[in-house]
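Each remark here refers to the structure printed beneath this line.
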Amino acid sequence: MIARRGIVFTWVLVVLAFSVETVAGIPVETIDVGNLHVEHYGTRGSPIILIPGLACGSWVWTETIAQLQSNHQLYAITLAGFDGRPAGGGEGFDSMVSSLRELIESKHILQPILVGHSMGGTLAMLYAERYSDSIHGVVAVDGLPVFPGTENLAEPERRSLADRVRSQLTTGTQQQFQDQQLVYMQTIGVMSGEKARLLAARSSRSDPVATANFAAADMMLDLRANLHNIKVPVLEIVPYDAAEQAALGFDENGKVTYYRSLLNGVANLTLAPISPSRHFVMVDQPEAFLIVLNQFLGN
């Protein structure tokens, strides 16, 4: 009887897990545009393009999609080489901007809001610098115009750092890449050990070379000189964990002030700290994240 109950309980968990995935909905369509794989959810409301960060796929936005798909048209993208997608070359920001513009134009997406996490937030800002007239706003989830800590590096130093990052991610076995992802998720990514293991298993599906090339490109980028070209509202979501930031000499206001300094030049800027959280704010604090996001969207 106990064994039978265990089987039933396991079956219930499987059903519940399937239900949770189903809540996020089945895409209305899936398309490939440039180096982007796109899942389209929702058929009404204002459009939002969801951009994940390094080595991540649309799974980053599962909870966001579940909550917004009834009132918005959502386009969740995955870059080539990430989340099991074939690496297609062009692992640079210009290529991503071109593909994003092709998506917006080919699907006639009118004035979308770009919501990007980490490197995806950086991409959203670069797009806004070049094509503000075609979008309605930008939400950057711990994504900045320059990689934090590199803002004072000269170009040769920045290139040397990018080369070291590329080498670190491409030198080793697939198992070592998986181990790197787990350490990252446990120390920087999320606060929960269980969530860290889940996210690491997913990010490990990405191609190490594509991940390395995108990471190096991110290190090389500095968008600050053209932030004044962004003519749409920008929301920067700032993760904060008091215990960790205290070791760096930051309180919450200090971290917000630092982020604001990196975003100097954005005319219409709002910064919203969410605590306690690490880099994947939407995973650590999904409810608080959605409250801040919905306020920006006007929902």
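The values are calculated or read from the model by the stated rules, or taken from the named source; none is laboratory data. None of these values were measured; they are calculated from a predicted model. Heads up, the Cβs are rebuilt from the backbone with ideal geometry, glycines too, and the neighbour counts pull from every protein chain shown.
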Going through the stretch 83-135 one residue at a time, which ones are in contact with a His (Cβ under 8 Å, 6 or more places away or on another chain) and of a type in the set (G, A, S)? S118
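So, of the residues in the stretch 51-62 that are touching a residue at least 40 places away in the same chain (Cβ under 8 Å) and farther than 14 Å from F214 by Cβ, which turns out to be farthest from the chain's Cα centre (by Cα)? Spell out the reasoning first.
Applying the first criterion (touching a residue at least 40 places away in the same chain (Cβ under 8 Å)) to the stretch 51-62 yields 51-57, 59-62.
Now restrict to residues that are farther than 14 Å from F214 by Cβ: 59-62.
On the way: W59: 10, V60: 7, W61: 8, T62: 12 Å.
It comes out as T62.
Please work out which residue is surrounded by the most Cβ atoms within 10 Å (Cβ to Cβ), limiting yourself to the stretch 186-195 and to residues that are in a helix (DSSP H, G or I) and in contact (Cβ under 8 Å) with a residue 40 or more places away in the chain.
In the first step, residues of the stretch 186-195 are kept if they are in a helix (DSSP H, G or I); the result is 186-189, 193-195.
Restricting the remaining residues to those that are in contact (Cβ under 8 Å) with a residue 40 or more places away in the chain gives 188-189, 195.
Working: I188: 13, G189: 24, K195: 17.
Ranking the qualifying residues of the stretch 186-195, first place goes to G189.
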Taking the stretch 201-212 as the region of interest, how many residues are in a helix (DSSP H, G or I) and surrounded by 22 or more Cβ atoms within 10 Å (Cβ to Cβ)? 5
Can you say whether A216 is hydrophobic (A, V, I, L, M, F, W, C), in contact with a Leu (Cβ under 8 Å, 6 or more places away or on another chain), part of a helix (DSSP H, G or I) and surrounded by 15 or more Cβ atoms within 10 Å (Cβ to Cβ), as far as the supplied structure shows? no
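Among I65, I77, I48, which is among the β-branched types (V, I, T), part of a strand (DSSP E or B) and more than 11 Å from the chain's Cα centre (by Cα)? Break it down into steps so the answer makes sense when it comes.
Values: I65 fails: part of a strand (DSSP E or B); I77 fails: more than 11 Å from the chain's Cα centre (by Cα).
Only one candidate passes the filter, namely I48.
For the stretch 94-130, give me the residue count where each residue is basic (K, R) and closer than 12 Å to L36 by Cβ. If you could, list the steps in order and put the result at the bottom.
The first filter runs over the stretch 94-130 and keeps only residues basic (K, R), leaving 101, 107, 130.
If we keep only those that are closer than 12 Å to L36 by Cβ as well, we get 101, 107.
Qualifying residue count for the region: 2.
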Quick check on the stretch 92-105. Is at least one of its residues modelled with pLDDT of 95 or more, of a type in the set (D, E), surrounded by 20 or more Cβ atoms within 10 Å (Cβ to Cβ) and in contact with a strand residue (DSSP E or B) (Cβ under 6 Å, 6 or more places away or on another chain)? no
Regarding L198, is this residue part of a helix (DSSP H, G or I) and closer than 19 Å to P145 by Cα? no
